[in-house]
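The values are calculated or read from the model by the stated rules, or taken from the named source; none is laboratory data. All figures in this text were calculated on a predicted structure; none of them were measured in a lab. Neighbour counts run over all protein chains shown; Cβ positions are idealised from the backbone, glycine included. SASA here: full protein model, heavy atoms, side chains in, ligands and nucleic acids out. Shrake-Rupley method; radii C 1.70, N 1.55, O 1.52, S 1.80 Å.
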Amino acid sequence: MTKRVPQVLFAVLLAVLIAGLVRQGLSIGQPPHALAFAFALVYLGWLLAEARITFGKDGGTTPDPTVVPYGLARLLTVAGAVLGPSPWPNLAWWMVVPTCAFVGGIALRLTAIQILGRFYSHRVVRQDGHDVVTTGPYAVVRHPAYTGMVIAHAGLVVLFANEISVPAFVVLIGALAWRINAEEKMLRTVPGYLQYSAGKRRLLPAVW
(Lines give C-alpha, C1' and ligand atoms only; values in the text may rest on other atoms or scores of the structure.)
Protein backbone atom coordinates (compact mmCIF):
# COMPACT_ATOMS: atom_id res chain seq x y z
CA MET A 1 0.00 0.00 0.00
CA THR A 2 2.69 2.51 0.99
CA LYS A 3 4.48 1.90 -2.31
CA ARG A 4 1.59 3.69 -4.06
CA VAL A 5 1.51 6.63 -1.64
CA PRO A 6 4.00 8.79 -3.62
CA GLN A 7 1.91 8.33 -6.78
CA VAL A 8 -1.33 9.21 -4.98
CA LEU A 9 0.24 12.27 -3.36
CA PHE A 10 1.68 13.27 -6.75
CA ALA A 11 -1.81 13.23 -8.28
CA VAL A 12 -3.33 15.24 -5.42
CA LEU A 13 -0.48 17.77 -5.43
CA LEU A 14 -0.84 18.11 -9.20
CA ALA A 15 -4.54 18.87 -8.76
CA VAL A 16 -3.77 21.42 -6.02
CA LEU A 17 -1.24 23.21 -8.23
CA ILE A 18 -3.62 23.31 -11.19
CA ALA A 19 -6.36 24.67 -8.91
CA GLY A 20 -3.89 27.26 -7.63
CA LEU A 21 -2.99 28.29 -11.16
CA VAL A 22 -6.66 28.71 -12.06
CA ARG A 23 -7.41 30.63 -8.83
CA GLN A 24 -4.45 32.96 -9.14
CA GLY A 25 -4.78 33.26 -12.91
CA LEU A 26 -8.30 34.62 -12.65
CA SER A 27 -6.93 37.61 -10.75
CA ILE A 28 -3.46 37.78 -12.28
CA GLY A 29 -3.64 41.55 -12.75
CA GLN A 30 -3.69 42.20 -9.02
CA PRO A 31 -0.45 41.79 -7.03
CA PRO A 32 0.60 39.50 -5.44
CA HIS A 33 -1.50 37.13 -7.55
CA ALA A 34 0.96 37.29 -10.45
CA LEU A 35 3.76 36.13 -8.14
CA ALA A 36 1.56 33.39 -6.67
CA PHE A 37 0.73 32.24 -10.20
CA ALA A 38 4.43 32.14 -11.09
CA PHE A 39 5.27 30.17 -7.94
CA ALA A 40 2.55 27.61 -8.66
CA LEU A 41 3.75 27.29 -12.25
CA VAL A 42 7.39 26.77 -11.23
CA TYR A 43 6.33 24.27 -8.56
CA LEU A 44 4.34 22.38 -11.19
CA GLY A 45 7.45 22.17 -13.35
CA TRP A 46 9.41 20.89 -10.35
CA LEU A 47 6.79 18.22 -9.68
CA LEU A 48 6.84 17.05 -13.28
CA ALA A 49 10.66 16.99 -13.28
CA GLU A 50 10.53 14.37 -10.50
CA ALA A 51 7.64 12.39 -12.04
CA ARG A 52 9.92 9.73 -13.49
CA ILE A 53 11.20 8.99 -9.99
CA THR A 54 7.73 9.01 -8.45
CA PHE A 55 6.41 6.51 -10.96
CA GLY A 56 9.64 4.56 -11.46
CA LYS A 57 10.60 1.27 -9.84
CA ASP A 58 12.79 1.72 -6.76
CA GLY A 59 13.42 -1.97 -6.27
CA GLY A 60 12.63 -1.83 -2.55
CA THR A 61 10.32 -4.09 -0.57
CA THR A 62 10.81 -2.72 2.97
CA PRO A 63 7.90 -0.55 4.23
CA ASP A 64 8.71 3.14 4.66
CA PRO A 65 6.66 4.66 7.52
CA THR A 66 8.07 8.15 6.84
CA VAL A 67 6.57 8.55 3.39
CA VAL A 68 2.99 9.33 4.51
CA PRO A 69 3.68 12.15 7.06
CA TYR A 70 6.42 13.56 4.83
CA GLY A 71 4.20 13.59 1.75
CA LEU A 72 1.13 14.91 3.54
CA ALA A 73 3.08 17.72 5.21
CA ARG A 74 4.49 18.77 1.84
CA LEU A 75 1.03 18.64 0.28
CA LEU A 76 -0.53 20.77 3.03
CA THR A 77 2.31 23.28 2.89
CA VAL A 78 1.84 23.80 -0.84
CA ALA A 79 -1.97 23.79 -0.65
CA GLY A 80 -1.91 26.39 2.11
CA ALA A 81 0.42 28.57 0.08
CA VAL A 82 -1.18 28.45 -3.37
CA LEU A 83 -4.82 28.16 -2.28
CA GLY A 84 -4.83 30.04 1.03
CA PRO A 85 -4.82 33.78 1.69
CA SER A 86 -1.56 35.72 1.47
CA PRO A 87 -0.67 38.09 4.32
CA TRP A 88 1.10 40.51 1.98
CA PRO A 89 -1.34 42.74 0.06
CA ASN A 90 1.30 44.25 -2.22
CA LEU A 91 4.54 43.29 -3.91
CA ALA A 92 7.71 44.57 -2.20
CA TRP A 93 11.45 44.54 -2.85
CA TRP A 94 12.18 42.08 -0.01
CA MET A 95 10.18 39.41 -1.81
CA VAL A 96 13.20 38.91 -4.06
CA VAL A 97 14.91 37.04 -1.20
CA PRO A 98 12.30 34.28 -0.65
CA THR A 99 11.81 34.07 -4.41
CA CYS A 100 15.52 33.36 -4.88
CA ALA A 101 15.36 30.84 -2.02
CA PHE A 102 12.46 29.08 -3.71
CA VAL A 103 14.14 28.84 -7.11
CA GLY A 104 17.59 28.11 -5.63
CA GLY A 105 16.21 25.37 -3.39
CA ILE A 106 14.54 23.65 -6.34
CA ALA A 107 17.75 23.91 -8.38
CA LEU A 108 19.79 22.42 -5.52
CA ARG A 109 17.37 19.53 -5.06
CA LEU A 110 17.20 18.65 -8.76
CA THR A 111 20.99 18.85 -9.04
CA ALA A 112 21.43 16.54 -6.04
CA ILE A 113 18.93 14.07 -7.50
CA GLN A 114 20.68 14.09 -10.87
CA ILE A 115 24.08 13.47 -9.29
CA LEU A 116 22.76 10.63 -7.12
CA GLY A 117 21.20 9.07 -10.21
CA ARG A 118 19.64 5.63 -9.84
CA PHE A 119 20.39 5.58 -6.11
CA TYR A 120 17.78 8.27 -5.49
CA SER A 121 14.24 7.22 -4.54
CA HIS A 122 11.17 8.85 -3.03
CA ARG A 123 11.17 6.07 -0.45
CA VAL A 124 13.84 5.19 2.09
CA VAL A 125 15.33 2.15 0.38
CA ARG A 126 18.74 0.69 -0.35
CA GLN A 127 19.31 0.07 -4.03
CA ASP A 128 21.24 -2.85 -5.49
CA GLY A 129 24.91 -1.93 -5.68
CA HIS A 130 24.31 1.17 -3.57
CA ASP A 131 27.43 3.31 -3.43
CA VAL A 132 28.45 6.46 -1.58
CA VAL A 133 28.28 9.66 -3.69
CA THR A 134 30.62 12.43 -2.55
CA THR A 135 30.64 14.87 -5.46
CA GLY A 136 28.78 18.13 -6.07
CA PRO A 137 26.57 19.23 -3.16
CA TYR A 138 27.25 15.87 -1.47
CA ALA A 139 30.74 17.19 -0.76
CA VAL A 140 29.12 19.79 1.53
CA VAL A 141 26.19 18.00 3.24
CA ARG A 142 24.96 14.41 3.35
CA HIS A 143 21.40 15.08 2.17
CA PRO A 144 21.42 18.08 -0.20
CA ALA A 145 18.15 17.03 -1.87
CA TYR A 146 16.40 17.54 1.47
CA THR A 147 18.30 20.78 1.99
CA GLY A 148 16.87 22.00 -1.30
CA MET A 149 13.41 20.85 -0.24
CA VAL A 150 13.62 22.87 3.00
CA ILE A 151 15.01 26.01 1.35
CA ALA A 152 12.43 25.97 -1.45
CA HIS A 153 9.48 25.53 0.91
CA ALA A 154 10.88 28.14 3.30
CA GLY A 155 10.81 30.66 0.46
CA LEU A 156 7.30 29.59 -0.48
CA VAL A 157 5.98 29.91 3.08
CA VAL A 158 7.64 33.26 3.76
CA LEU A 159 5.80 34.73 0.78
CA PHE A 160 2.50 32.93 1.39
CA ALA A 161 2.40 32.46 5.14
CA ASN A 162 -0.99 31.73 6.66
CA GLU A 163 -2.66 29.53 9.27
CA ILE A 164 -2.28 26.45 7.03
CA SER A 165 1.09 26.82 5.32
CA VAL A 166 3.11 27.79 8.41
CA PRO A 167 2.14 24.89 10.73
CA ALA A 168 2.29 22.47 7.78
CA PHE A 169 5.85 23.62 7.07
CA VAL A 170 6.79 23.03 10.71
CA VAL A 171 5.40 19.49 10.42
CA LEU A 172 7.33 19.07 7.16
CA ILE A 173 10.59 19.93 8.94
CA GLY A 174 9.82 17.37 11.64
CA ALA A 175 8.90 14.71 9.08
CA LEU A 176 12.12 15.41 7.18
CA ALA A 177 14.20 15.04 10.35
CA TRP A 178 12.52 11.70 11.06
CA ARG A 179 13.02 10.59 7.46
CA ILE A 180 16.70 11.59 7.47
CA ASN A 181 17.33 9.65 10.67
CA ALA A 182 15.64 6.58 9.17
CA GLU A 183 17.69 6.99 6.02
CA GLU A 184 20.88 7.31 8.03
CA LYS A 185 20.25 3.95 9.70
CA MET A 186 19.91 2.34 6.27
CA LEU A 187 22.93 4.13 4.81
CA ARG A 188 25.20 2.97 7.64
CA THR A 189 25.09 -0.45 6.00
CA VAL A 190 26.56 0.96 2.78
CA PRO A 191 30.34 0.45 2.64
CA GLY A 192 32.21 3.72 3.15
CA TYR A 193 29.22 5.72 4.41
CA LEU A 194 30.38 5.94 8.02
CA GLN A 195 33.70 7.43 6.92
CA TYR A 196 31.94 9.86 4.59
CA SER A 197 29.37 10.96 7.19
CA ALA A 198 31.99 11.59 9.87
CA GLY A 199 33.01 14.91 8.28
CA LYS A 200 29.64 16.11 6.94
CA ARG A 201 26.50 17.59 8.46
CA ARG A 202 23.16 16.07 7.48
CA LEU A 203 21.24 19.07 6.22
CA LEU A 204 22.91 22.40 6.88
CA PRO A 205 26.67 23.07 7.26
CA ALA A 206 27.68 23.79 10.88
CA VAL A 207 24.08 23.31 12.06
CA TRP A 208 22.75 19.73 11.70
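Within the chain, what's the longest stretch lacking trypsin sites (Lys or Arg not before Pro) that sit in DSSP loops with no more than 10 other Cβ atoms inside 10 Å? The answer is 58-187. Labels on offer are (i) 55, 38, 26; (ii) 65, 52, 32; (iii) 52, 34, 32, and the one holding Cα extents along the principal axes in Å computed from this structure is (i). Go ahead and run the numbers for FRET between Ala139 and Trp93, Cβ-Cβ distance against an R0 of 41 Å, rounding to 0.05. Calculated value: 0.75.
Normalising the average separation of contacting C-alpha pairs (under 8 angstrom, six or more residues apart) by the number of residues puts the relative contact order of the chain at 27 percent.
Net charge of the neighbourhood of Phe169, taken over other residues with C-beta under 14 Å away and scored Lys/Arg +1, Asp/Glu -1, is 0.
Counting only protein heavy atoms, what percent of the accessible surface of the range 66-208 is carbon or sulfur at a 1.4 Å probe?
69 percent
Taking the Cα centre of the chain as reference, the dipole from Cβ charges on Lys and Arg (+1) and Asp and Glu (-1) amounts to some 360 debye. Taking each residue as 0.36 nm, the span from Ala177 to Glu163 lengthens on full extension beyond its C-alpha to C-alpha distance by 2.8 nm.
Over the range 1-102, what is the relative contact order in percent, taking alpha-carbon pairs closer than 8 angstrom and at least six residues apart?
43 percent
Taking all protein chains as present, what is the carbon and sulfur share of the accessible area of the range 1-44, in % to the nearest whole number, probe 1.4 Å? C and S fraction of accessible area: 75 percent.
Calculate, for Ile18 and Gln195, the FRET efficiency according to 1/(1 + (r/R0)^6) with r their C-beta to C-beta distance and R0 35 Å; round to the nearest 0.05.
That gives a FRET efficiency of 0.15.
Hey, can you find the accessible area per residue of the range 76-208 for me, probe 1.4 Å, expressed in square angstrom? Value returned for the range 76-208: 47 Å² of accessible area per residue. Dipole orientation for the range 52-208: of the candidates Val97, Phe55, Ser197, Ser197 has the Cα lying most toward the positive pole (charges on Cβ; Lys, Arg +1; Asp, Glu -1).
Quick check: net charge around Val207, other residues with Cβ under 14 Å of its Cβ, Lys/Arg +1 and Asp/Glu -1? Result for the local shell: +4. A dipole drawn for the chain from +1 and -1 charges on Cβ atoms has a positive end, and of Phe160, Ala112, Ala11 the residue lying farthest that way is Ala112.
Report the net charge of residues surrounding Trp46, where surrounding means a beta-carbon distance below 15 angstrom and charges are Lys +1, Arg +1, Asp -1, Glu -1.
Every neighbour counted, the sum reads +2.
For the chain, the longest principal axis of the alpha carbon atoms and the long axis of helix 96-116 meet at an angle near 30°.
Rounded to the nearest 10 degrees, the angle from helix 144-159 to the longest Cα principal axis of the chain is 20 degrees.
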